[in-house]
Amino acid sequence: MAEEKDIGITVKKSENFSEWYTQVIQKADLIEYTSVSGCMVFKPWSYAIWEKVKEFFDKEIKKKGIKNAYFPLFIPEALLKKEAKHVEGFSPEVAWVTHAGNTKLNERLAIRPTSETIMYESYSKWIRSHRDLPLLINQWCNVVRWEFANPIPFLRTREFLWQEGHTVHANQKSAEDEVYDILELYRKVFEELYAIPVIKGTKSEKEKFAGAVFTTSVETFLPAGKAIQGATSHSLGQNFSKAFDIKFLDENEKTQYGWQNSWGLTTRSIGIMIMMHGDNKGLVLPPRVAPLKAVIVPIFYKEKEKVLEAAKRLKEKLSDFEIEVDSREEYTPGWKFNHWELKGVPIRIELGPKDIEKSKAVLVRRDTGEKIEVPIEKIKNKISELLEEIQSNLFSRAKKFLENNTVETKEWPDFMRAIKDKKMVYAPWCAETACEEWIKDKTGGAKSLNIPFNLPKKINETCPQCGKPAKVWCYFAKSY
């Protein structure tokens with residue numbers, strides 16, 4: 001028998017969050033570090049999670065008439081500079097190609113940090129008439145953003161995977177309606193797939209996307225005591241269409257500039273899920289993104305062939321689910337239990353000689369550890385039921401955590417205390433950039449997350465920091 005190495009997590013999530021996270025992503029076989037700092041390998045287990053998200057989101061945007069395309073990785077410097085605020089916002093993060101072999105290029109090429117500029121060059125050629133609109137394009141690709149000191153796998157990497165949608169509309173209302181429609185899809189990805197509650201809202205002027213009229217986002221708060229942005233949907237207005245000459249003849253034969261949006265969701269979302277749901281045994285996967293829904297662990301200290309054959313038949317019975325039999329003989333059942341718990345598989349199915357005699361199996365929930373004896377004839381329905389229960393339970397736990405770690409305050413000392421206690425603050429705010437910068441400075445890094453939708457029509461409060469009349473309520477926290 002092969003030597004069984006200790007595969008478990010050796011630190012508690014509540015005691016050393018950073019080390020816990022590092023151990024989980026490596027021991028659950030999600031990533032491999034590489035010789036390029038800030039760049040990592042997405043191993044099959046993590047890439048399969050991304051494929052689940054991609055499959056869901058791709059299907060939903062296609063229902064809206066959005067089509068996939070692919071644009072070049074390299075962006076000429078002149079194109080990147082066409083929209084001044086945009087290039088200013090990204091310039092510290094851009095990686096440049098300056099040579100081809102030993103030959104210096106006549107013009108530097110940016111490795112895409114985002115694709116507005118390279119895509120809109122084409123859009124200006126494709127759009128001539130209102131009949132060409134709306135133009136609804138998405139691409140699934142990688143991007144590179146170089147400027148940061150402390151990479152965190154999934155959350156902050158120099159290269160990451162995402163989808164970026166870029167659309168052009170004939171009028172402002174059509175464009176802005178889409179901004180909110182896409183944000184709702186992002187809410188579904190987080191809440192219905194990843195089982196993570198999010199707050200939908202609008203970014204402050206300081207935090208909005210470079211070159212946008214306004215930015216909407218979904219935000220959440222993690223057990224590390226920090227908030228994180230999940231995804232963004234931007235209204236670009238006519239800022240880019242004027243810079244890139246994207247115009248059309250309307251129904252009255254008058255020339256108009258297009259109204260544009262961009263929106264994106266990244267593999268950062270995987271890291272958010274790991275941090276939210278993981279425990280001291282490792283990864284905990286919501287069933288809807290789990291590469292495997294269940295794993296059968298045969299227990300064959302004796303009657304090996306009989307047990308393996310029964311496990312194979314059970315897998316066939318459960319063929320509607322993504323399921324595997326762990327028939328490896330070099331490891332004990334206990335080692336396998338720990339292995340699959342570490343990888344976060346929602347349900348473990350234990351099957352031994354005594355279970356076979358009784359025509360039953362033992363189901364073990366990853367989220368609670370509960371063991372349930374189930375007759376083989378009822379196991380298919382029970383697994384379907386348990387998967388929904390696990391999905392719901394993970395969301396409920398995360399929602400309770402979010403609520404318990406949100407502090408509503410109207411006074412500055414309470415605001416400061418909550419940030420010091422690693423909470424998320426919900427407070428009235430004057431919405432002025434200078435005040436926002438002051439808050440960030442005085443709290444040691446807390447910034448605005450977003451201004452939630454459906455604010456009260458009249459706000460009678462004052463800003464706790466500067467004392468001016470509050471214009472909005474806003475979420476603040478230290479964040480990734």
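Pairing each residue of the range 64-82 that is assigned by TED's automatic domain parsing to the domain that holds VAL179 with any residue that is loosely packed, with under 15 Cβ neighbours inside 10 Å, provided the two are 6+ apart or on different chains, yields C-beta distances under 6 Å for PRO76/GLU107; GLU77/GLU107. Could you please find all residues in the range 193-211 being modelled with pLDDT of 95 or more and part of a loop (DSSP other than H, G, I, E, B)? Within the range 193-211, TYR194, ALA195, ILE196, PRO197, VAL198, LYS203, SER204, GLU205, LYS206, GLU207, LYS208 meet the criteria. A single entry from VAL36, VAL53 fulfils the requirement of being among the β-branched types (Val, Ile, Thr) and closer than 28 Å to THR98 by Cα: VAL36. Regarding the range 247-263, can at least one residue be identified that is closer than 20 Å to LEU363 by Cβ, touching a strand residue (DSSP E or B) at 6+ places or on another chain (Cβ under 9 Å) and among the aromatic types (Phe, Trp, Tyr)? No, the range 247-263 contains no residue that is closer than 20 Å to LEU363 by Cβ, touching a strand residue (DSSP E or B) at 6+ places or on another chain (Cβ under 9 Å) and among the aromatic types (Phe, Trp, Tyr). Among all residues of the range 86-93, there is at least one that is assigned by TED's automatic domain parsing to the domain that holds ASP181 and surrounded by fewer than 13 Cβ atoms within 10 Å (Cβ to Cβ).
The values are calculated or read from the model by the stated rules, or taken from the named source; none is laboratory data. Please read these numbers as outputs of a predicted model, since none were measured by experiment. Cβ atoms come from the backbone with ideal geometry, glycine included; neighbour counts cover every protein chain shown.
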